[in-house]
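Here is the structure we will look at, set down as structure tokens.
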Amino acid sequence: MSPDRSSPDIYSLGRVAPLAAALFSMAAAATHIVVLGDHYDEWWLYGLFFAAAAWAQIIWALWVVYQPSALLYQAGAIGNAAIIGMWALSRTVGIPLGPSAGDVEDATPVDILATSLEWLIVLLCFGLLVASRENLGRRLSQAQVWVGLAVVCLALIPLSTAGLIDAELGGGHGHGSGMIVAEPEAHQDEHQEAPTVLKTEFQPPQPYDLNTIYQKLLQDCSNNPSSCFQQGLITITETYGPSASLETFGKLQENGVISVATDDHHISHAIGKKTAERFGANIQAFLLCPTSFNYGCQHGFFQYALGAAGEPEKTAMQICGSFDDSFSFKFKFDCYHGVGHGVLMAKDYNLTGALNTCDKIDTPLGQDGCWQGVFMENVNAGTGLVAQQSGTFSKTDPLEPCNSVQEKYRQECFVNQAGWLVKFFNLDLQQASSACLQAPAPRYVSGCLQSLGLMVTNPAWQASLLKNANQENFEKTAWSLCTQFPTDHIDQCVIGGVHNIMNFDKFEVLRVRNFCDTVNAVYRNLCYQQIGWSLKNAATDNEIVIEKCATFESPFKDECLIGAGFTNI
């Protein structure tokens, strides 16, 4: 057994060096404690790892000061080296297990601080192990000891404070997705003040060639992809408009340059904001926004436009109220839905204030669409995509705030609660769907369950919700997730799944047909009826609905027509 080569003299190198290592260990533990909650919210085992690391570092620090020994130096060197190795693995190869398995995390100030402290511990422990008894027993003057410790403490205070502040501001834990990430600055922009004078006149964008724009962006971002692509897409928007940038974004995903799990909705938010700023807060500029990426461009457009408007409800009605019958019911509703997103952002995530603004819109369609957008954006805030005011959600009741808002708001609240539910239950879809059964009325139960059903046909959510690593094809995965719903309510998952696919695919019915053919035969007629319902809401010409339903085999083409309300064809 290795002898204890420390000296009983408190001013010897063998006593002072362990004390310095203990201070470094305490500081490293503090950084792990600060980010523990964020990691636990993502997966309990991530939180357990950080808690274990922090407590090990605290106990080791106290022990090595009380009774330094070669065995403790070995444990300190090996334990901190293991933590450093795990950190390096997650920043290069990817996280080895859990819901974020394979994701490459970004290096942030707080974890760089922790890793630097751990390196210092390893070096000190190694030095203590290899140093001779004579060197360890060398006595330092009292002044040297106190000056040295003061220097260590004075260095730790600003470094630790900066790291902890960074963690509080959201920089403590971020996952990269492929080659592009939605950076913290993008979310901070949600709260930047809009201009005092809102540009309203329309200026058309320049024509473009998609391949030329795409190739130039690849070339420009070849050396710095993580931060370059998003800014490049904004630059494209400034000149060529949002269609050019979002088509480029789609091509980047299609070619595997960036991951399909990228936070594309918030990137398209930023593109929408730039559209309103550059081309004006008017109906022509609004119509430049494609409906791709879950209407993110439209949401960002209203975020900018309504943030600068003295009476946002009037600006909303001037734009969304201008659409005639050549636009579908769904398009009009989604316009006001985008207003809801923008209103909540403009109100700095004050839920009551945003809903009161929606109430001033002069049509039931406009109010309902606006309420829905407010609650969806509120969930974005609750799940950590952007900052939010405290008190909206509950740590004990997964159905808040839907149980507390006025009756007229509840339906739209429950149909947007899914994001919060899966966060509340740590991505456990079975628990999340069971919680919906506690909603205060059957229609709220259905709305809540359907909101979770929207997730099962979303590829990004599929990857997070799966309990095993063997992901099957899109349709089989979706159906497998539906089977986690309460047995008597699987139909609500199917309904939500169809609506989500149709929301993205519009009149392209291949994916939704494959989904309906994959679900249990008991739900197949219902599935095709929901296709018809979605087609009817999205179309302005009944012939389009009839034509799409006719592509299905009997009896499902008839079920599609029934869902669309055509019972006499």
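Below is a table of values for the structure above.
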item	result
Residue-by-residue Karplus 3J(HN,Hα) for the range 537-547, coefficients 6.51, -1.76, 1.60, Hz, glycine and proline x	5, 8, 9, 9, 10, 4, 5, 5, 5, 4, 5
Greater than 30 Å apart at Cα, pairs in Lys216/Lys273; Lys347/Lys395; Lys330/Lys408; Lys251/Lys314; Lys251/Lys332; Lys274/Lys408	Lys251/Lys314; Lys274/Lys408
Spin-label pair Ile59/Thr352, simplified geometry with 7 Å Cα→Cβ offset, distance in nm	4.8
Three-way shape label, the range 422-569, alpha-carbon gyration tensor, a/c 1.5	prolate
Magnitude of the charge dipole, the range 468-527, Cβ model with Lys/Arg +1 and Asp/Glu -1, debye to 20	100
Dipole magnitude of the range 426-569, debye to nearest 20 (Cβ charges: Lys/Arg +1, Asp/Glu -1, about Cα centre)	240
Simple spin-label estimate for Asn514 and Ser222 in nanometres, 7 Å along Cα-Cβ	3.4
Net length gained if the chain between Leu210 and Asp505 were fully extended (0.36 nm per residue, minus Cα distance)	104.1 nm
The range 396-455-the range 349-367 distance, computed between alpha-carbon centres (Å)	21
Net lengthening on full extension, Glu201/Gln438 (0.36 nm per residue, minus Cα-Cα)	80.4 nm
Computed E for Gln67/Phe126 - FRET, C-beta separation, R0 30 angstrom, nearest 0.05	0.95
Simple Cβ-charge dipole of the range 236-356, Lys/Arg +1 and Asp/Glu -1, about Cα centre, in debye nearest 20	80
Net length gained if the chain between Thr92 and Gln406 were fully extended (0.36 nm per residue, minus Cα distance)	108.2 nm
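Read the figures in this text as sums done on the coordinates, not as results from a lab. All values derive from a computational prediction rather than experimental measurement. All Cβ positions, even for glycine, are placed from backbone atoms using ideal geometry, and neighbour counts span all protein chains on display.
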